[in-house]
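Undergrad: Sending over a structure as structure tokens; questions will come in a sec.
The values are calculated or read from the model by the stated rules, or taken from the named source; none is laboratory data. Computed from a prediction, not measured in an experiment: that's the story for all the values here. Neighbour counts are summed over all protein chains in view; Cβ atoms, including those assigned to glycine, are modelled from backbone coordinates with ideal geometry. Accessible surface is based on the protein model in full, side chains and every heavy atom, while ligands, DNA and RNA are left aside. Shrake-Rupley method; radii C 1.70, N 1.55, O 1.52, S 1.80 Å.
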Amino acid sequence: MAGNIFTADDLARFEQALKKNPSDAMNYVNLAEAQLALHHESQAFSTFRAAKVLCPDNPDVLRIGSKVLEALDRKEEAIECLQKAIAISSKLFCDTDSISHLAELLYNSGKKEEALAWLGKLAKNSSDNPEVLIRLAQIQLSLGNSEEAQRYLKVYRETSGATREMFLLMGQAMLARKFYDGAVK
């Protein structure tokens, strides 16, 4: 239900579902998601902690825990939680959303090289998620690797077409490489 808009009625409904079936981890996940959306971060944290006791290795619980910890500005713990969720779920499938979010958390925490390494894992499947190429280009640019950034942007353009964001980043990469005419275009 991520990205949904929740109401107080939804919150009450999720609380009822949890009371009816307190052993279902998804009831905790749904409740914490709604609590976060309604800016009840401390309640969401309590819900996450209860779910984690019940299901410490459930990737859905760990993912919502990461969101809760991020909302509480506990970024290092959020990163650890998300890394554990990815490690558990990677046995079943490639968790591209979680990896992308982890890379964003790492990047925003100043861990650009780590973010790059995680996104690199997704680059192999970039045809399924071309936004990864844009993120890789952004990180490469921030690390001063404008030639590498330009390479990712070229692949992005070939697979997904031109976008405003792609052109802006391409201009920045060309400017960094002192290709002024190309940067202006």
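Undergrad: With θ set to phi - 60° and the Karplus curve 6.51 cos²θ - 1.76 cosθ + 1.60, what are the ³J(HN,Hα) couplings of segment 53-62 in order, to the nearest whole Hz, using x for Gly and Pro?
TA: 5, 6, 9, x, 10, 8, x, 5, 5, 5
Undergrad: Can you give me the Kirkwood hydrodynamic radius for segment 1-42, using every pair of distinct Cα atoms, in Å to one decimal? Show your work: numbers first, answer last.
TA: Numbers: mean 1/r = 0.0987 Å⁻¹.
With all distinct Cα pairs of segment 1-42 included, I get 10.1 Å.
Undergrad: Need the full-extension length gain, Arg13 to Phe179, defined as separation in residues times 0.36 nm minus the C-alpha distance. One decimal, nm.
TA: Working: separation 166, 0.36 × 166 = 59.76 nm, distance 5.80 nm.
Extra length from Arg13 to Phe179 when fully extended: 54.0 nm.
Undergrad: Let me ask another. Greater than 25 Å separation of Cα atoms is the criterion. Which listed pairs, Lys67/Lys111; Lys75/Lys112; Lys121/Lys154; Lys20/Lys84; Lys112/Lys154, meet it?
TA: Numbers: Lys67/Lys111 18 Å; Lys75/Lys112 14 Å; Lys121/Lys154 19 Å; Lys20/Lys84 29 Å; Lys112/Lys154 21 Å.
Cα-Cα > 25 Å for Lys20/Lys84; rest within.
Undergrad: Same structure again: Roll a 1.4 Å probe over the protein chains and send me the accessible area per residue for the chain in Å².
TA: Working: 10370 Å² over 185 residues.
Using a 1.4 Å probe on heavy atoms only, each residue of the chain averages 56 Å².
Undergrad: Another question, then. Any chance you could look up the accessible area of Arg177 with a 1.4 Å probe, heavy atoms only, rounded to 10 Å²?
TA: Here the residue's solvent-accessible area equals roughly 70 Å².
Undergrad: Bin all alpha-carbon pair distances of segment 32-185 at 5 Å intervals from 0 and give each bin's fraction as a whole percent.
TA: 2, 10, 17, 16, 16, 12, 12, 7, 5, 2, 1, 0
Undergrad: Take the solvent-accessible surface of the protein heavy atoms, probe 1.4 Å, and return the percent of it on the chain that carbon and sulfur atoms account for. Don't skip to the answer; put the middle values down first.
TA: Numbers: 5350 of 10370 Å².
After summing per-atom areas, the C and S share lands at 52 percent.
Undergrad: Shifting gears a bit: With r as the distance between the Cβ atoms of Ser46 and Ile88 and R0 = 30 Å, compute the FRET efficiency 1/(1 + (r/R0)^6) and round to 0.05.
TA: Values: r = 23 Å, r/R0 = 0.76.
Plugging the Cβ-Cβ distance into 1/(1 + (r/R0)^6) gives 0.85.
Undergrad: What nm distance separates the two modelled labels at Arg151 and Glu80, each placed 7 Å from Cα along Cα→Cβ?
TA: For Arg151 paired with Glu80, the spin-label model returns 3.6 nm.
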